[in-house]
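Shown next, in C-alpha cells, is the structure this report addresses.
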Amino acid sequence: DTEVTQTPKHLVMGMTNKKSLKCEQHMGHRAMYWYKQKAKKPPELMFVYSYEKLSINESVPSRFSPECPNSSLLNLHLHALQPEDSALYLCASSQGTNSPLHFGNGTRLTVT
Amino acid sequence: EDQVTQSPEALRLQEGESSSLNCSYTVSGLRGLFWYRQDPGKGPEFLFTLYSAGEEKEKERLKATLTKKESFLHITAPKPEDSATYLCAVQGETGTYKYIFGTGTRLKVLA
C-alpha cells in the first residue's frame, strides 16, 4: 500500500462530462504534484502545489483544473476532455525540494 | 538542458543472473538522483536517493551507485518478482520541484 491515496482507480468519461480526481496524503509533505503517464513513457509533470499554492503549471490545457483545498488534499477537475487525454494520472508528494517523490497508484482515465 | 538517458530499454535475465541498469545524466548542479520501480498499472515506488558522487545505497538484491555522470542499479541474483520497469530521475539546481525522468528500463526475470 502507498501513503498517497488516489480515487477513483478507474474512470471512464465522455467528452462532455465533468469529473474530478482526488488525492490525499498524510505524510506532512508540503509539495503535491499531478503527473500524466502514457503507456511505456515516463511520468510527465502537469502541476505542482507548494504550501497549497500553485507553483508550476506546465502549460496544461484549461480543460484540466487543479485545486489544493488543504495541505493533505489535491484535486484535478476534468471538463471537455479529448480521447488523447486518456492516460494514467498520478498524484505525488514530497517533503520539499531535493526530496524523493512519493506516488499514489494513479487513476486510469479513459475518455470516450 | 537537463537530460536523463537510461539503458538498456529492455532486459531479460534468467533467475539468479546478476546485471546492471544504467542512468546517464546531464544536469546543472545535481540536487538528487532518484530510482523508482514501477509495476504495470501502478504508480512508481521509491527505491533510493543519491546525492553525491561515490554514494551507494542498498536494499535487498538492489544496489545503487553514483558518479558525476551516471548511476547504476545493480541487481544481484534477481528473482521473477523483480520484474518491473525501473525509472531514474534527477533534480538539478535550476529546476525546483522539477524532476527529469528517464524513459526507464523494462526488466523481465525468467524463472
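The values are calculated or read from the model by the stated rules, or taken from the named source; none is laboratory data. This one's a predicted model, so the numbers in the text were calculated from it and none came from an experiment. All Cβ positions, glycine included, derive from the backbone under ideal geometry; neighbour counts span all protein chains shown. For the accessible areas, the whole protein counts, side chains as well, though only heavy atoms, and no ligand, DNA or RNA atoms are used. Shrake-Rupley method; radii C 1.70, N 1.55, O 1.52, S 1.80 Å.
Overview of results
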read-out	value
Shielded by partner chains, the stretch B:22-59 residues - at least 50 Å² of accessible area, 1.4 Å probe, vs chain alone	B:P44
Of the chymotrypsin sites (Phe, Trp or Tyr not before Pro) in the stretch B:1-70, those whose Cβ has at most 16 other Cβ within 10 Å and which sit in DSSP loop	B:Y51
Rounded percent of accessible protein surface that carbon and sulfur make up, chain B, 1.4 Å probe	46 percent
Trypsin sites (Lys or Arg not before Pro) restricted to DSSP loop in the stretch A:1-59 with at most 15 other C-beta within 10 Å	A:K9, A:R30, A:K38, A:K40
Tally of Lys pairs whose C-alpha atoms are under 20 Å apart, taken over the stretch B:53-111, 8 or more apart or cross-chain	10
Computed label-point distance, nm, for sites A:S59 and B:T94 using a 7 Å Cα→Cβ extension	1.6 nm
Two-decimal ratio, the protein assembly as shown, of alpha-carbon radius of gyration to 2.2 N^0.38 Å	1.02
Buried area at the B-A interface (accessible, heavy atoms, 1.4 Å probe, summed, Å²)	1900 Å²
Rounded Å value of the spacing that divides the Cα centres of the stretch A:87-104 and the stretch B:1-27	22 Å
Threshold 50 Å² - residues in the stretch A:72-104 whose accessible area is reduced by that much or more when the chain is no longer isolated, probe 1.4 Å	A:T97, A:N98, A:P100, A:L101, A:F103
Cα pair distances of chain A binned at 5 Å [whole percent]	2, 13, 25, 27, 19, 10, 4, 1
Förster radius 25 Å - calculated FRET efficiency between A:T5 and B:K108 (Cβ-Cβ, nearest 0.05)	0.25
Per residue accessible area of the protein assembly as shown, 1.4 Å probe, in Å²	49 Å²
Radius, Kirkwood style, for chain B when every pair of distinct Cα atoms is counted (Å)	14.0 Å
Where trypsin sites (Lys or Arg not before Pro) in DSSP loops with at most 12 other Cβ within 10 Å are excluded, longest remaining stretch of chain B	B:1-67
Calculated FRET value between B:E60 and A:S20, using beta carbons and R₀ = 45 Å, to 0.05	0.75
